[in-house]
Amino acid sequence: MIIGVGGTQQEKALDALNDMTANVRPISLEEYQLRVAKAQRLMREKDIDAVYLNAGTNLEYFTGLRWYPSERLVGVILYQEGLPTLIAPAFEEGSLTQAMILPLACALWDEHESPTDLLLTQLSQKCGDDFNLAIDESTSFSFVAKIRKSRPEINLIDATCITAKCRMHKSAAELALIQTAMDMTLVVHRATASILHEGISASEVRAFIHAAHQKVGSSGSFFCIVLFGEATAYPHGVNYEQHLQKDDWVLIDTGCKLHGYHSDITRTYPFGNASGAQKEFWNYERRLQQAAFDAAQLGQTCASVDDAVRAELERLQLKDNYQLPGVPHRTGHGIGMDLHEWPYLVGGDQTVLAPGMCFSNEPMVINPNQFGVRLEDHFYMTDEGPVWFTEPSTSIDNPFNL
């Protein structure tokens, strides 16, 4: 058997796990204040009078207020200066107030009133009749359409020039949270590999992974993909139950959240003996992963990292144009408070690599209708170049570096 795969009972594997979050610190009020200040500086530079942040990730990132998007408008207006203003249902004031971290001014609407009209009134009082308003990219089109209908003279702008510009550069506190979350998920991966046995179902493995994530200190798995055999050739899984068989190929991709920040790690390995083709493609994957890491240098573009993977595919005599056999999707994605966020390691993304950026490195190589190999680790950019959050697998025989 492969080192670390099989041989342990589920109960024993769970008992060996411990809470890993004892020394973790959430994002501080001071950091939220710095985020708003940075956004306001960018707004002044770009002549944006106000930014609307819809309930969801951007609202939480800038204010610490965790609130779900729904048909009832909840959002925050950022101005170039001064306190942000919360637009929200009046009957939710108590719940929203107790959930606040960053102090906010409040403009509340009752059920029979129009939140769009309230928002536009607030903007006019602060910005006048003619202004530039940047809209959070997660905002529903219907809300934007209401603004356009009511005030067609307002210049509406995509707020990613503010939100993405702030969020793609992680602070030391953010990197620490992501690091701990990644460490947690890697421990869960190792425990999961140890409990595999013939006949175990993919759903049983997913249930174990969820429980293991809880044991190490998260609320459970944020997502979980478990694939056996030919199903590993389909990057995001199949819709039927699977049962592990001797010499099956295994792909597990999972992650959790810690104080709003994600982990995301994939391992691929044999349950028993690997075929010659599987060994070959596993080694291809490691070469591709390393090529991406080596290419990720300060001052280079995100696209150039994906280009390095395509060049390595050509050297391996695989298809280098997102076709199969080869790597059909991008090399990686940004990660932080969203599992996938800016920027992306993909052809065409001309974002220049800079300190604080975090990326998945997962150029999944697929042998069509047979199997796939995805090894996914993440790295972040420092002043000296890329640094792994988790070390990649050393070999197919020792996928967890035990």
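The values are calculated or read from the model by the stated rules, or taken from the named source; none is laboratory data. This one's a predicted model, so the numbers in the text were calculated from it and none came from an experiment. Cβ coordinates were reconstructed from backbone atoms using ideal geometry, including for glycine residues, and neighbour counts include every protein chain displayed. Heavy atoms of the whole protein, side chains included, go into the accessibility calculation; ligands, DNA and RNA do not. Shrake-Rupley method; radii C 1.70, N 1.55, O 1.52, S 1.80 Å.
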Problem - Flag for Tyr344 being in contact with a Leu (Cβ under 8 Å, 6 or more places away or on another chain), within 30 Å of Arg66 (Cα to Cα) and assigned to a strand (DSSP E or B) - result: no
Exercise for the section: Return yes or no: is Ala296 of a type in the set (Gly, Ala, Ser), crowded, with 18+ Cβ neighbours inside 10 Å and farther than 28 Å from Trp249 by Cβ? Expected result: yes
Exercise for the section: Output the residues belonging to the range 10-40 that are open to solvent by 100 Å² or more (accessible area, probe 1.4 Å), part of a helix (DSSP H, G or I) and closer than 30 Å to Ile200 by Cβ. Expected result: Glu11, Lys12, Asp15
Handout entry: Complete set of residues in the range 352-374 that are among the β-branched types (Val, Ile, Thr) and open to solvent by 40 Å² or more (accessible area, probe 1.4 Å)
Key = Val352
Completion exercise
Among residues of the range 85-141 being open to solvent by less than 30 Å² (accessible area, probe 1.4 Å) and aromatic (Phe, Trp, Tyr), the residue nearest to Cys166 (Cα to Cα) is Phe131
Exercise for the section: Tally the residues that are polar (S, T, N, Q) and under 25 Å from Gln179 (Cβ atoms), restricting the search to the range 25-50. Expected result: 2
Exercise for the section: Report the residue count in the range 41-55 for those that are open to solvent by 20 Å² or more (accessible area, probe 1.4 Å), over 16 Å from Thr85 (Cα atoms) and either in contact (Cβ under 8 Å) with a residue 40 or more places away in the chain or in a loop (DSSP other than H, G, I, E, B) (or both). Expected result: 2
Practice task
Mind telling me which of the residues His210, His197 ends up being part of a loop (DSSP other than H, G, I, E, B) and open to solvent by 40 Å² or more (accessible area, probe 1.4 Å)?
Solution key: His197
Fill in the blank from the handout: Counting only residues that are part of a strand (DSSP E or B), touching a Pro at 6+ places or on another chain (Cβ under 7 Å) and surrounded by fewer than 20 Cβ atoms within 10 Å (Cβ to Cβ), the range 375-402 contains a total of 1
Exercise for the section: Name the one entry in Leu104, Leu123 that is more than 27 Å from the chain's Cα centre (by Cα) and in contact (Cβ under 8 Å) with a residue 60 or more places away in the chain. Expected result: Leu123
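Hey, could you check the range 72-84 for residues that are assigned to a strand (DSSP E or B) and touching a residue at least 40 places away in the same chain (Cβ under 8 Å) and say which is nearest to the chain's Cα centre (by Cα)?
Gly75
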Exercise for the section: Inspect all residues belonging to the range 386-399 and state whether any of them is at positive phi and under 16 Å from the mean Cα position of the chain (by Cα). Expected result: no
